[in-house]
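Each remark here refers to the structure printed beneath this line.
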Amino acid sequence: MSIDAPASPQRAVRIASQLLELIALKKLSPGDRLPPERQLADLLEVSRPSLREALHTLQAQGLVQIKHGQGTFVQEPLVAQELRASVMSSTHELNELYDAREVLEVPASKWAAAKATKEDIRILRATLNQIDAISAQTPIDYDQLQILDAKFHLTIVEIAGNRFINQTLNVLQDVMKMSMETTLKIPGRSEISRDEHSAILSAIESGDGALAAKIAHKHISGARATAIADVKKKNRN
């Protein structure tokens, strides 16, 4: 195959996989533009026709959008779009929201323990320190606390490096926002959450994936029970 010939289907798939790895490495989000075609071809050491074939493959999968004259943009996968539409258009029971978190976050905690770098640990610890600082203020800024709490969990999911979960991160953030609203203001919950966050971080730092997953499950189960109890209490009043 000459350097200017289009890629074979198999080669296009391989280049497409490289492009997805590049998107993950650069932490590009839906709406972000990929580097120019020539730069991408040089980065991946492929011909521009082969790169175009790979980009069209990703566009057919709904992972990128090619806008002529503007460039190629990361696109939220169709499955993530459908999940978002489901979350935002219907009233989900708390159990469903916590089920979603459990399915995604528990294994992510285990995988993160095997992959976390020193920099990852530093970011997680810095986030917990910020949570402590916000929690110590009077009055507590619960909006900022919610953002930081979600950041801690989402950072663990990112560290895990699972491609599907990473592609649905924005949807998971919406799910977490809806579930966390019901627990952060409940007396005593923030202290329990802080201890469990620290325990999860310690397990990840020590590389103990089984323990990290176990504590993550306990953390989500506790938040679920607290949220449901609070809703039942409000319904009785």
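Restricting attention to segment 215-230, does a residue exist that is modelled with pLDDT under 95 and charged (D, E, K, R)?
Scanning segment 215-230, I find at least one residue that is modelled with pLDDT under 95 and charged (D, E, K, R), so the answer is yes.
Pick from V87, V79: which is at pLDDT below 80, β-branched (V, I, T), part of a helix (DSSP H, G or I) and touching a Gly at 6+ places or on another chain (Cβ under 9 Å)?
One residue alone meets the criteria, V79.
In segment 11-60, which residue that is in contact (Cβ under 8 Å) with a residue 60 or more places away in the chain and part of a helix (DSSP H, G or I) is surrounded by the most Cβ atoms within 10 Å (Cβ to Cβ)?
Top of the filtered list is L20.
Run down I192, I215, I186 and say which single residue is β-branched (V, I, T) and either farther than 21 Å from P139 by Cβ or outside the structural domain of D149 (by TED's automatic domain parsing) (or both).
Of I192, I215, I186, the one residue that is β-branched (V, I, T) and either farther than 21 Å from P139 by Cβ or outside the structural domain of D149 (by TED's automatic domain parsing) (or both) is I215.
So which of E102, E96 ends up being modelled with pLDDT under 95, touching a His at 6+ places or on another chain (Cβ under 8 Å) and either among the acidic types (D, E) or surrounded by fewer than 14 Cβ atoms within 10 Å (Cβ to Cβ) (or both)?
E102
Contact list please: Cβ distance under 8 Å, first residue in segment 119-132 and in contact (Cβ under 8 Å) with a residue 40 or more places away in the chain, second residue of a type in the set (K, R), pairs at least six apart or on different chains.
Matching pairs, first to second residue: L128/R194; I131/R194; D132/R194.
Of all residues being outside any helix (DSSP H, G or I) and small (G, A, S) in segment 105-144, which is modelled with the highest pLDDT? Just the residue, please.
By that ranking, first place goes to A116.
Any chance you could count how many residues in segment 186-237 are over 14 Å from I156 (Cα atoms), polar (S, T, N, Q) and in a helix (DSSP H, G or I)?
Within segment 186-237, residues that are over 14 Å from I156 (Cα atoms), polar (S, T, N, Q) and in a helix (DSSP H, G or I) number 6.
Report, ordered by the first and then the second residue, all pairs with beta carbons closer than 7 Å, sequence separation of six or more or different chains, a first member in segment 191-205 that is on the phi > 0 side of the Ramachandran plot, and a second member that is part of a helix (DSSP H, G or I) and among the polar types (S, T, N, Q).
As it stands, the answer is none, since no pair meets every condition given.
The values are calculated or read from the model by the stated rules, or taken from the named source; none is laboratory data. Remember, predicted model here, so these are calculated numbers, not experimental data. Every residue, glycine as well, gets a Cβ built from its backbone with ideal geometry; the counts of neighbours run over all protein chains shown.
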